[in-house]
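Below: the structure, in structure tokens.
The values are calculated or read from the model by the stated rules, or taken from the named source; none is laboratory data. Every value quoted in this text rests on a predicted model; they were computed, and no experiment measured them. All Cβ positions, even for glycine, are placed from backbone atoms using ideal geometry, and neighbour counts span all protein chains on display.
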Amino acid sequence: MDQRFDVTERFAEGAQFIAGSLRTGTSGRGQDVVDPATGDTVLRYDLAGTGDVDDAVAAAARAFPDWARATPAERSDTLHRFAAALAEDAEDLAYAESLNCGKPVKLSTGFDVPGTIDNAAFFAGAARHLEGRAAGEYSGDHTSMIRREPLGVVGSIAPWNYPLQMAAWKVLPAVAAGNTIVLKPAEITPLTSLLFARAAQRAGLPDGVLNIVSGAGRDAGEHLVGHPDVAMTSFTGSTAVGKRVAELATGTVKRIHLELGGKAPFVVFDDADLEAAVHGAVAGALINTGQDCTAATRAYVQRPLYDAFVSGVADLMATVRLGDPFDPATDLGPLISHAQRDRVAGFVERARGYATVVTGGEAPGGDLAKGAYYRPTLIAGAAQDSEIVQAEIFGPVLAVLPFDSDDEGLALANDTPYGLAASAWSRDVYRTGRAVREINAGCVWVNDHIPIISEMPHGGAKASGFGKDMSAYSFEEYTQVKHVMYDNTGVARKDWHRTVFGDRG
């Protein structure tokens, strides 16, 4: 991989992509893009202002009629070319994602980039497969049919933890269904969203169908959500901000899709494969340095396996290698920023007052001290109602608690406001079947934790939001259902008219 990718040169024209062109933002404020592994600024750009959002929405609105009229086959062909263009750009995308987010290169090359390419290929196929009820004579005198139609301009807001994949999850189903879109990436991680848009342009996506506004949430984001010409808002981020998005969207009665916070339980029954559970817990807790809303954050282990599980996880965590994200040997990169590292450290320091830090619990020294690194951390002995168990930390921290009966374990798993993801570990199909039924979450893995696939939906319950990303279910989020009803009788005076005219015929 060529690590000499010149970000400043690549985005010299600006970090806004509107109507097919890069341009500078007009907010009057600058934003540094920082390499979290070193603390160095790799790009400084001008943030989008409300005027830029207006321009992007207008460009999307102009592009909508023609794109909505494109046949499913035409949209599918464009997305197939888009998938090929992303594959051609795979090294640049992986490098930019690792540089901007601190992801180990083996994560960006093995997960983020191929997952994005696969999503593009999936929605290229989905564009030609809209489902609906069969046309038929449901009333006897009429033929009814269902149309699925695009909504219009979609305004989407993506988070900083998976900038490339979240751009894909927002953009691809929307445009496959015939919508146009304005995407606001997190202002600290705009690089791969911009590269994604340039690849789409090269693939033949018409100008204005996809627009990127790189701006702050308090002005560009809020203006996009509340814009009267935006028909739908899709937001991924914290539950607190999701509530604000919902408030703003209510003002124009637009459709909203919210994928919010998580605090995923990892339930280990006493007949589980202990080695598999230990490895699954460490991998599931540390994916993307724990900055994953589906990461394993609460391990509940039935008491006969509890001590061995704690010991095994602590030993395995101690072998995880922190280092330069571009070193293929690195397992764990930095957190997104020094501020996020300090936030995570604050949770752990407060937990020392009521629980035991079994391993980790500190930032490394030496060559890594200048980056936003934090060691993998295991915490035991916390109460169920403690902050470390209830709050979303978004870092490489796993809390482990024991349970006795199956009833208790499942009750504890459901005992947070969140419901995004969970996993259950057992060799007993009846036990896992019960867990799948009773755990209230949008995804429940059995004897694994984290894998996702384009064909299956991702989204939560409770305070984790509603709506689905990926899959045909996501595609449907970006369409509206229209009932069309044809009279088949040709009779001027219908039988039901008697409810108005009575005995006058």
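A Cβ distance below 6 Å, combined with a sequence gap of six or more or placement on separate chains, defines the contacts here; from the stretch 108-120, residues that are in the same structural domain as ALA167 (by TED's automatic domain parsing) and modelled with pLDDT of 95 or more reach no residue that is assigned to a helix (DSSP H, G or I) and of a type in the set (Val, Ile, Thr). Taking the criterion of being closer than 30 Å to SER238 by Cα, not small (Gly, Ala, Ser) and not in a strand (DSSP E or B), the residues of the stretch 453-505 that qualify are ILE453, GLU455, MET456, PRO457, LYS468, MET470, TYR473, PHE475, GLU476, GLU477, TYR478. Here the condition is being buried (at least 16 other Cβ atoms within 10 Å of the Cβ) and acidic (Asp, Glu); of GLU408, GLU455, GLU477, it holds for GLU477 alone. Looking at ALA285, ALA382, ALA314, which one is in the same structural domain as ALA421 (by TED's automatic domain parsing) and farther than 26 Å from CYS443 by Cβ? Exactly one of ALA285, ALA382, ALA314 is in the same structural domain as ALA421 (by TED's automatic domain parsing) and farther than 26 Å from CYS443 by Cβ, namely ALA314. Of all residues in the stretch 127-173, those being surrounded by fewer than 24 Cβ atoms within 10 Å (Cβ to Cβ), without any contact (Cβ under 8 Å) to a residue 40 or more places away in the chain and in contact with a strand residue (DSSP E or B) (Cβ under 6 Å, 6 or more places away or on another chain) number 3.
For the stretch 298-322, a residue qualifies if it is small (Gly, Ala, Ser), surrounded by fewer than 20 Cβ atoms within 10 Å (Cβ to Cβ) and not in a helix (DSSP H, G or I), and exactly one does: ALA318.
When THR252, THR233 are checked against the criterion of being crowded, with 24+ Cβ neighbours inside 10 Å and outside the structural domain of ALA441 (by TED's automatic domain parsing), THR233 stands alone in meeting it. When the residues of the stretch 318-373 are narrowed to those that are in contact with an Asp or Glu (Cβ under 7 Å, 6 or more places away or on another chain) and of a type in the set (D, E, K, R), which ends up nearest to GLU387 (Cα to Cα)? Ranking the candidates gives ARG350 first. The residues of the stretch 387-415 that are part of a loop (DSSP other than H, G, I, E, B), within 27 Å of the chain's Cα centre (by Cα) and not β-branched (Val, Ile, Thr), listed by number, are ALA391, GLU392, PHE394, GLY395, PRO396, ASN414, ASP415.
Taken over the stretch 339-353, the criterion of being of a type outside the set (Val, Ile, Thr) and touching a helix residue (DSSP H, G or I) at 6+ places or on another chain (Cβ under 8 Å) is satisfied by PHE347, ARG350, ALA351. Within the stretch 214-260, being of a type in the set (D, E, K, R), farther than 26 Å from LEU22 by Cβ and free of Cβ contacts under 8 Å to residues at least 24 places away in the same chain holds for LYS243, ARG244, GLU247. If I filter the stretch 251-297 down to residues being assigned to a loop (DSSP other than H, G, I, E, B) and polar (S, T, N, Q), which single residue comes out as farthest from GLY312 (Cα to Cα)? This residue is THR252. Of the residues making up the stretch 462-488, just one is more than 29 Å from GLY110 (Cα to Cα) and of a type in the set (Gly, Ala, Ser), namely ALA463. Just one of the numbered conditions (1) in contact (Cβ under 8 Å) with a residue 24 or more places away in the chain; (2) of a type in the set (Gly, Ala, Ser); (3) not assigned by TED's automatic domain parsing to the domain that holds GLU131 is not true of ALA492: (1).
Residues that are of a type in the set (A, V, I, L, M), farther than 30 Å from SER139 by Cβ and in the same structural domain as PRO304 (by TED's automatic domain parsing): does the stretch 465-472 have at least one?
no
Find the strands (runs of 3 or more DSSP E) located wholly in the stretch 128-239 whose residues include 3 or more that are within 30 Å of MET485 (Cβ to Cβ), and list them.
Result: 142-150.
Select from the stretch 35-56 the residues that are in contact with an Asp or Glu (Cβ under 7 Å, 6 or more places away or on another chain) and of a type outside the set (S, T, N, Q) and write down the one among them that is nearest to SER98 (Cα to Cα). Checked the stretch 35-56; the qualifying residue nearest to SER98 (Cα to Cα) is ALA37.
Scanning the stretch 328-344 for residues that are assigned to a loop (DSSP other than H, G, I, E, B) and either surrounded by 14 or more Cβ atoms within 10 Å (Cβ to Cβ) or outside the structural domain of ILE393 (by TED's automatic domain parsing) (or both) returns THR330, ASP331, GLY333, PRO334, LEU335, ILE336, SER337.
ALA200 versus (1) crowded, with 23+ Cβ neighbours inside 10 Å; (2) among the hydrophobic types (A, V, I, L, M, F, W, C); (3) more than 21 Å from PHE64 (Cα to Cα): which is the lone unmet condition? Looking at each condition in turn, ALA200 falls short on (3).
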